[in-house]
Amino acid sequence: MARLNARHPWSHNDHFHSWILVNLPDQRRAALDVGCGRGELLAALSPHFASVYGNDVDEEMRRAAASRSAGLPNVTIHHGFWGDLSGPFDLVTMIAVLHHLDVAEALEQVRRVLTPGGRFLAVGLAPAKSAVDHAWDVASIVANPVIGFVKHPWPSLQGPQPPPFPVADPAIAFDELRARVVEVMPGAVMRHQLGFRHTIAWTKPA
């Protein structure tokens, strides 16, 4: 299965950019992507917001994001702690980032910097613990090469490649994480997704 996936590779994180773009808030003055990586999402958000800010703790990722968005005058790469940004932001995004952070602190920071009516959209990972978690993992294992073939029909000859960004194994299971999210963000919607991912969507009350 690993060899098959390597022949038809696809980015499980970039796959969810379209989910973010169809769930943007109505008000679109400023957006913040926490853990912006190489800047692909920043570029996708740039046409939709007056200002887009990217932040990443990894210097190499910041350099890549700055290079990727060099021709986008409304994109800024922030080099400090993202929680120091006062905002306000109409959108805060995190893709495969929340499990790198102190969850409670990060969610509180997001709630603080969001404008009323602003939206938090996150794509995350969680270890499989419950029967439902394992069922979604099995579905993802089966679907993974199919999605890869659709996205990348011509076989790659490079073989398995290391991730182009820092990685960490998630520690908090889906059900526990959902309880923590809802505690800070009542009404947040958290769903399992294919690709070994889940999504979190929350709109800050007006």
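The values are calculated or read from the model by the stated rules, or taken from the named source; none is laboratory data. None of these values were measured; they are calculated from a predicted model. Glycine also receives a Cβ, built like all others from the backbone with ideal geometry; neighbour counts cover every protein chain displayed. Quick note on the areas: whole protein, heavy atoms, side chains included, nothing else; ligands and nucleic acids left out. Shrake-Rupley method; radii C 1.70, N 1.55, O 1.52, S 1.80 Å.
Being out of contact with any strand residue (DSSP E or B) (no Cβ under 6 Å at 6 or more places or on another chain) and crowded, with 17+ Cβ neighbours inside 10 Å narrows it down to one of Asp84, Asp56, so name that one.
That would be Asp56, the only listed residue that is out of contact with any strand residue (DSSP E or B) (no Cβ under 6 Å at 6 or more places or on another chain) and crowded, with 17+ Cβ neighbours inside 10 Å.
Looking only at the range 186-205, decide whether some residue is modelled with pLDDT of 95 or more, open to solvent by 40 Å² or more (accessible area, probe 1.4 Å), in contact with a strand residue (DSSP E or B) (Cβ under 6 Å, 6 or more places away or on another chain) and among the charged types (D, E, K, R).
Yes: the range 186-205 contains one or more residues that are modelled with pLDDT of 95 or more, open to solvent by 40 Å² or more (accessible area, probe 1.4 Å), in contact with a strand residue (DSSP E or B) (Cβ under 6 Å, 6 or more places away or on another chain) and among the charged types (D, E, K, R).
Restricting attention to the range 115-126, report how many residues are surrounded by 15 or more Cβ atoms within 10 Å (Cβ to Cβ) and either in contact with a Pro (Cβ under 7 Å, 6 or more places away or on another chain) or part of a helix (DSSP H, G or I) (or both).
Final tally of qualifying residues: 5.
Assuming Met94 fulfils every condition listed in (1) part of a loop (DSSP other than H, G, I, E, B); (2) in contact (Cβ under 8 Å) with a residue 60 or more places away in the chain apart from one, which condition is it?
Failed condition: (1).
Report whether or not Asp175 is assigned to a helix (DSSP H, G or I), at pLDDT 90 or above and either out of contact with any strand residue (DSSP E or B) (no Cβ under 8 Å at 6 or more places or on another chain) or not acidic (Asp, Glu) (or both).
It is true that Asp175 is assigned to a helix (DSSP H, G or I), at pLDDT 90 or above and either out of contact with any strand residue (DSSP E or B) (no Cβ under 8 Å at 6 or more places or on another chain) or not acidic (Asp, Glu) (or both).
Only residues that are assigned to a helix (DSSP H, G or I) and aromatic (Phe, Trp, Tyr): list them for the range 178-199, please.
none
Please find, within the range 64-78, the residue that is least open to solvent (accessible area, probe 1.4 Å) out of those that are part of a loop (DSSP other than H, G, I, E, B) and small (Gly, Ala, Ser).
Top of the filtered list is Ser69.
If a residue has to be in contact with a helix residue (DSSP H, G or I) (Cβ under 8 Å, 6 or more places away or on another chain), modelled with pLDDT under 95 and in a helix (DSSP H, G or I) to count, how many in the range 45-63 make the cut?
So the count comes out to 0.
For the range 4-36, which positions are modelled with pLDDT under 95, in contact with a Pro (Cβ under 8 Å, 6 or more places away or on another chain) and of a type outside the set (S, T, N, Q)?
Leu4, Ala6, Arg7, His8
With the requirement that a residue be open to solvent by 70 Å² or more (accessible area, probe 1.4 Å) and touching a Gly at 6+ places or on another chain (Cβ under 9 Å), what does the range 87-107 give you?
Within the range 87-107, Pro88, His100, Glu105 meet the criteria.
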